[in-house]
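Asks: Below you'll find the structure I mean.
A short reminder: the numbers here are calculations on the coordinates, not readings from a lab. This structure is a prediction, so every number in the text was calculated from the model and none was measured. Don't worry about glycine lacking a Cβ; one is built from the backbone with ideal geometry, like all the others, and counts go over all protein chains shown.
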Amino acid sequence: MGAILTQNTNWGNVEKAIINIKRHNLLTPGKLYRMPLGKMASLIRPAGYYNIKARRLKNFLGFVFDRYKGNINKMLGTRTDILRRQLLSVNGIGPETADSILLYALNKPVFVVDAYTKRIFSRHKLIKDGSSYAEVQDLFMRKLRPDLKLFNEYHALLVRLGKEFCLKNKRRCRLCPLK
């Protein structure tokens, strides 16, 4: 859920939306799947683009229930490459969202590439400006052993570096711990 809600917003707004859902005791796949679209949209409003995100959540939940009978454990038994292709076929789920679901929700060793990752690696001349998601991800997948904890920690550290030093419009290069 968080992977979809965090599209085009920050995690603080996503937390507010999740708190709304928890407050109504609706944070289960089954309850979310059966929830009317309008109610879902109103509960996730703090995450922004709530009508679009409600449809995307419904699309994802439809996938989970149609393909896996609502059973996340059945998803876990699916090979990562197959599961990734399936997730990418769901309307509203792109590579970053699919990989976030794989890494953080399903504990599959897939490296998540986000804007922070691209910005940091581009500014350090480790990738070309405009490199595609697949090109950047391939760099990590080739150079690092496929390890869930490593990928999780590495991504978290890049997010922190991006938020504190490698800002989009206000570079703090003199303070950067990577220099």
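Asks: Cα convex hull of the range 2-105: mean projected area in nm², to one decimal?
Replies: For the range 2-105, averaging the hull's shadow over all directions gives 5.9 nm².
Asks: Assuming R0 = 22 Å, what is the FRET efficiency of residue 160 and residue 49, from their Cβ-Cβ distance, to the nearest 0.05?
Replies: With R0 = 22 Å, the Cβ-Cβ based efficiency is 0.30.
Asks: A follow-up question, please. For the chain, what does the relative contact order come out to in percent, with C-alpha contacts under 8 Å and a separation of six or more?
Replies: Computed over the chain, the figure is 16 percent.
Asks: Ratio of alpha-carbon Rg to the 2.2 N^0.38 Å globular estimate for the chain, to two decimals, please.
Replies: Relative to the 2.2 N^0.38 Å estimate, the chain comes out at 1.10.
Asks: Could I have the simple spin-label model distance between residue 42 and residue 89, label points 7 Å from Cα toward Cβ, reported in nm to one decimal?
Replies: 3.5
Asks: What FRET efficiency comes out for the pair residue 147/residue 172, r = Cβ-Cβ distance, R0 = 35 Å, nearest 0.05?
Replies: 0.70
Asks: Where does each of 68-80, 148-160 land if you order them by average Cβ count within 10 Å, highest first?
Replies: Highest to lowest by the protection proxy: 148-160, 68-80.
Asks: Continuing with this model, one more query. In percent, what relative contact order does the range 14-82 have, based on Cα pairs under 8 Å that are 6 or more apart in sequence?
Replies: With pairs under 8 Å counted, the relative contact order is 28 percent.
Asks: Using 0.36 nm per residue of separation minus the Cα-Cα distance, give me the extension gain between residue 34 and residue 138 in nm, one decimal.
Replies: Result for the pair: 33.7 nm of gain on full extension.
Asks: When a/c is below 1.5 the answer is rounded, else prolate if a/b is larger than b/c, else oblate, so apply that to the range 115-175 with a ≥ b ≥ c taken from the square roots of the Cα gyration tensor eigenvalues.
Replies: It comes out oblate by the Cα gyration axes.
Asks: What angle, in degrees between 0 and 90 and rounded to the nearest 10, separates the Cα long axis of helix 133-143 from the longest principal axis of the Cα atoms of the chain?
Replies: It is inclined by approximately 70 degrees.
Asks: Please give the FRET efficiency for residue 15 paired with residue 71, using the beta carbon to beta carbon distance and R0 = 25 Å, rounded to the nearest 0.05.
Replies: Efficiency, rounded to the nearest 0.05: 0.40.
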